[in-house]
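Q: One structure, as structure tokens, below. Some questions next.
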Amino acid sequence: MSSSTESERQQADALGDAILQHAKELAAQQQAEMKQMLYRIHQESGYHLQLQEQQTIAQAQEAAQQQVVREVQAAQMAMRADLDRLCWQLVDDVLHKLEARLQDSVQDEKNYLLLLFDLLKQAADCIEQEQLVAKVTALDYARLQQQTDNWQDIVTKLGIVQQVELKTLSQQQEKTAIGGILVCSIDERICVDNTFHGQLERNKERLRQIILARLLPADESPGIAFTELSFNG
């Protein structure tokens with residue numbers, strides 16, 4: 001073999017070794033870069049997983065808190081509804097007892113007739129007519145007839161300037177009247193219902209507020225005692 005051929009082979013081997021060495025270096029470098037990339041990916045993945053976990057926990061806590069708030073609000077609304085029903089039931093009970101007390105007051109003839117005269121005077125002052133009709137229950141009619149032979153004398157003594165005819169209520173009216181007096185013009189186009197039933201109906205909302213104020217002393221709104229409630233309209 002010639003010396004030139006041997007030299008070329010040596011150069012070729014050297015070149016091959018150089019290329020192989022370069023390839024190994026590149027492979028090692030690539031491997032190092034791959035490891036570094038994998039490390040960064042792992043780190044970033046861990047961070048994102050941790051962040052996602054924290055967000056998930058926070059969302060779960062918020063959802064749980066919202067659920068608790070909803071449950072508390074629902075319980076408060078249910079309690080408020082129960083309290084409202086109880087309050088109105090108590091109000092109705094007190095109104096029924098008030099009706100019973102008014103019925104009892106009718107039996108106290110002396111004081112009741114004084115109240116009846118006051119109700120008549122108040123109603124007559126509200127109607128600008130020369131002639132009026134006053135209607136009472138059959139029991140009150142008999143009582144008033146026993147007071148005097150001349151009904152108009154009582155009317156005059158009360159300071160009423162009109163002529164007032166005394167009559168009894170209709171059977172239907174008497175069923176609900178309890179007591180008191182209904183005063184109308186002759187044509188009955190103008191009436192002042194001063195029966196106890198009429199007074200209760202006119203003052204129902206006011207009475208309910210008074211009763212609620214007494215039932216709920218924590219309410220800062222001022223209440224009015226039953227004895228303070230005037231039946232003069």
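Q: Which pairs, out of LYS175/LYS204; LYS135/LYS157; LYS97/LYS167; LYS97/LYS204; LYS121/LYS175, put more than 22 Å between their alpha-carbon atoms?
A: Violating the 22 Å Cα-Cα cut-off are LYS97/LYS167; LYS121/LYS175.
Q: I've got another one for you. Return an integer: the convex hull volume of the alpha-carbon atoms of the range 108-202, in Å³ per residue.
A: Enclosed volume per residue, from the Cα hull, is 95 Å³.
Q: Could you give each residue of the range 87-104 its phi-based ³J(HN,Hα) in whole Hz, using Karplus coefficients 6.51, -1.76, 1.60 with θ = phi - 60°, and x for Gly or Pro?
A: Result, rounded to whole Hz: 4, 5, 5, 5, 4, 4, 4, 5, 5, 5, 5, 5, 4, 5, 5, 5, 4, 5.
Q: Considering amide H positions built from the backbone, and no H for Pro or chain starts, which residues 5 or more places from THR168, or on another chain, come under 5 Å of its amide H?
A: Amide H to amide H, under 5 Å and 5 or more residues apart or across chains, THR168 pairs with VAL136.
Q: Please give the peptides 95-105, 73-83 ranked by average Cβ packing (other Cβ atoms within 10 Å per residue), highest first, as a rough proxy for protection.
A: Put in order of decreasing packing, that is 95-105, 73-83.
Q: Output wanted: per-residue J couplings in Hz (rounded whole) for the range 133-140, from phi through Karplus 6.51 cos²θ - 1.76 cosθ + 1.60, θ = phi - 60°, x for Gly and Pro.
A: Result, ordered by residue: 10, 10, 10, 9, 5, 4, 5, 5 Hz.
Q: Considering amide H positions built from the backbone, and no H for Pro or chain starts, which residues 5 or more places from ILE181, or on another chain, come under 5 Å of its amide H?
A: ASN194, THR195, PHE196
Q: A further question follows. Using a simple spin-label model with points 7 Å from Cα along the Cα→Cβ vector, what separation in nm is obtained for ALA213 and LYS167?
A: 3.9
Q: Quick one: what are the phi-derived ³J(HN,Hα) couplings along the range 171-181, Karplus 6.51/-1.76/1.60 with θ = phi - 60°, whole Hz, x for glycine and proline?
A: 4, 5, 5, 5, 4, 10, 4, 6, x, x, 8
No lab work stands behind these numbers, since they all come straight from the coordinates. Everything quoted here is computed from the prediction, not taken from an experiment. Positions of Cβ are generated from backbone atoms using ideal geometry, with glycine treated the same way; all protein chains shown enter the neighbour counts.
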